[in-house]
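Inspection log for the structure reproduced underneath, given as structure tokens.
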Amino acid sequence: MDDTPVTRPDHARLPADHLPGASPAVPAATGRAAATREKLRLSREKLRAHRENMRLKRQFERLHRDFPRLGGPLHRLSKPGWAMVRIPVGIMFVVGGLLSILPVFGLWMLPVGLLLLAVDVPSMRRPVSAAMIRLRRRADVYRQRRKSKRK
């Protein structure tokens, strides 16, 4: 065997964050275990974001099923690429919902506007979809009570 020492390239002595293509999100001195934890954390965040997106999408589908005249345009607006239209329309619906004391506007506009805004604002997705589910359940209970009182 050859007893000559193995020479390393210059970048092998640098911290990992100085290597070409290294991610600044993973600190240099953390090692392989920390990098794995970081990847798991990122994958959990992606999974949570995917679940929130799917939950919001189900709210749009339910709205489309319950109110076909309103659901059709909302379904079109919720598609990717409509953000330049969706955001102003969502803001107008929220403002219209806040002005529900006037005869032209209604309180129904508030959740629709929030639902439209939640498509583009990730931090709104979870609370808006949870509020939509709660409102829908309360409306179902209210309808059932009214039905039972009529009989």
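Just so you know, all these numbers are worked out from the coordinates, no wet-lab data involved. These numbers come from a predicted model, not from an experiment. Counting neighbours? That spans all protein chains shown, and the Cβs are built from the backbone with ideal geometry, glycine included.
Some values worked out for this structure:
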{"quantity": "Computed magnitude of the charge dipole of the range 21-145 (debye, nearest 20; Cβ of K, R +1, Cβ of D, E -1)", "calculated": "580 debye"}
{"quantity": "Relative contact order of the range 40-137, defined on C-alpha pairs under 8 angstrom at six or more residues apart (%)", "calculated": "24 percent"}
{"quantity": "Per-pair calculated FRET efficiency, R0 = 30 Å: Arg48 and Arg137 via Cβ, rounded to 0.05", "calculated": "0.85"}
{"quantity": "Length released on extending from Val104 to Arg41, taking residue separation times 0.36 nm less the Cα-Cα span", "calculated": "17.9 nm"}
{"quantity": "Label point 7 Å beyond Cα of Ile91 along Cβ direction - residues of the range 117-146 with amide nitrogen under 18 Å", "calculated": "117-124"}
{"quantity": "Cα centroid separation - the range 56-122 against the range 37-53, whole Å", "calculated": "27 Å"}
